[in-house]
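Enquirer: For reference, the structure I am asking about is given below.
Here, each number is a calculation from the coordinates, and none is a lab measurement. Remember, it's a predicted structure, so these values are computed and weren't measured experimentally. Neighbour counts run over all protein chains shown; Cβ positions are idealised from the backbone, glycine included.
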Amino acid sequence: MEDSNPRPPGILNDRSARTLIAGDLEAIFLPSHGMLCASLCHRGEEILRRVENLETSAVRGSTAGIPLLHPWANRLAELRYSAAGRDVELDPSSPLLHFDEHGLPIHGVPWSHLTWEVIEQRRDSLVARLDWTRRELLTVFPYRHQMQLVATLRPDGLTLETTLNADMDGPVPVSFGFHPYLGLPGLPRAQWRLTLPPMRKLLLDRQGLPTGEEEPFVGLDDCLDEPDLDDGFTLPAPGLSFCIEGAGRRVSVDFLAGYRYAQIFTPKNQDYIALEPMTAPMSALTSARGLHLVEPGRKFQAVFRVCIGTARQPSAGSIQRP
């Protein structure tokens, strides 16, 4: 059934919008606009960022809220790639592509161009499906498959479980991810405390693309008055947690399964950060590094959770200041 609840400011006039409620949390999803999570409110305060004007974001192809980045997360090194036995040449004039400041394709097909079908809804959960069979989608990513997204809201957080089901006509490369824009209400960003676990940092070139080399990263536990990151990481194990906290609130992104890489984006002088789960490193479709293939008729699952709780006591010092 269609959701008739009032929309927070900035929500698109989307009759497919669905609201989930659990305890002090409320989430809004837009199935006809990429299954975008357009709002996540805790005790009436918005946790997501860049959701003030979704109409403009949809027109520009910009990311906002919690968007799915599919069929690739972040940048591609060029307008062509080869994967699973297919050579693909992307059309730079395609409305299904968005480009970064270097003219590189970024974030896959914009969320506003992807229409999902809701197949089940309860008060605190939602199941939606996307069939990747339309001709225009296949010109960008010529691998027939189906995506299923299960969103489950609990009083302590939102879990997103994504399943890629490969069709029978060939393997499907996996390089999707999510881009959660997060913030702490009522507190300047310089006072947010960011905690990152030990990982392997991907070395990047001038265009922000992985060189294939890595270096140790011992972790981070510090305020965001100085860190200005846009870095990729390899995760040593599943179950890692990345968090911000302050003003009595803690918001974490927990990588539960299927996400072996992360991008951490903390642009200075902005009121948000992004702690991004990724199934493959940036530009895996062009480099083949870390690229997983789903065999015909098989599936791939990835799960992460945004948890909201009470902040810990401030620690005495930082592990590392980048």
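Enquirer: Between THR133 and LEU204, what's the calculated FRET efficiency when r is the beta-carbon distance and R0 is 45 Å? Round to 0.05.
Expert: Plugging the Cβ-Cβ distance into 1/(1 + (r/R0)^6) gives 0.80.
Enquirer: Highest first, please rank the peptides 72-83, 275-286 by the mean number of other Cβ atoms sitting within 10 Å of their residues.
Expert: 275-286, 72-83
Enquirer: Now for a separate question. Rounded to whole Hz and in sequence order, give me ³J(HN,Hα) for segment 33-45 from the Karplus expression 6.51 cos²θ - 1.76 cosθ + 1.60, θ = phi - 60°, writing x for Gly and Pro.
Expert: 10, x, 6, 4, 7, 9, 7, 9, 9, 10, 6, x, 10
Enquirer: Between segment 24-38 and segment 162-177, what is the C-alpha centre distance in whole Å?
Expert: 23
Enquirer: Here's another thing I want to ask about it. Quote to one decimal, in nm, the extra length available between ALA237 and GLN270 on full extension: 0.36 nm per residue of separation minus the C-alpha distance between them.
Expert: 8.8 nm
Enquirer: Residues with beta-carbon under 11 Å from that of GLY208, excluding GLY208: net charge, scoring Lys, Arg +1 and Asp, Glu -1?
Expert: Neighbour charge sum, excluding GLY208 itself: -3.
Enquirer: Can you give me the orientation-averaged projected area of the convex hull built on the Cα atoms of segment 169-287, in nm²?
Expert: Computed as one quarter of the Cα hull surface, the answer is 8.4 nm².
Enquirer: Which value in nm describes the separation of the simple spin-label points at GLU55 and ASP225, placed 7 Å from the Cα toward the beta carbon?
Expert: Those two pseudo-labels are separated by 4.0 nm.
Enquirer: Treat each spin label as a single point 7 Å out from the Cα along the C-beta direction, and report the GLU78 to PHE99 distance in nm.
Expert: 1.6
Enquirer: Quick check on packing: order 298-308, 227-237, 103-113, 130-140 by the mean number of other C-beta atoms within 10 Å, highest mean leading.
Expert: The peptides rank, most packed first, as 103-113, 298-308, 227-237, 130-140.
Enquirer: How much length would be gained if the chain were fully extended between ALA311 and ALA257, taking 0.36 nm per residue of separation minus their Cα-Cα distance, in nm to one decimal?
Expert: Here the segment from ALA311 to ALA257 would lengthen by 17.0 nm.
Enquirer: Continuing with the same structure: For segment 17-27, take each phi angle, set θ = phi - 60°, evaluate the Karplus expression 6.51 cos²θ - 1.76 cosθ + 1.60, and give the result in whole Hz per residue in order, putting x for glycine and proline.
Expert: 3, 10, 10, 10, 9, 8, x, 8, 9, 9, 10
Enquirer: Net charge around ALA302, counting only other residues with Cβ within less than 13 Å of its Cβ (Lys, Arg = +1; Asp, Glu = -1)?
Expert: Summing Lys and Arg as +1 and Asp and Glu as -1 gives 0.
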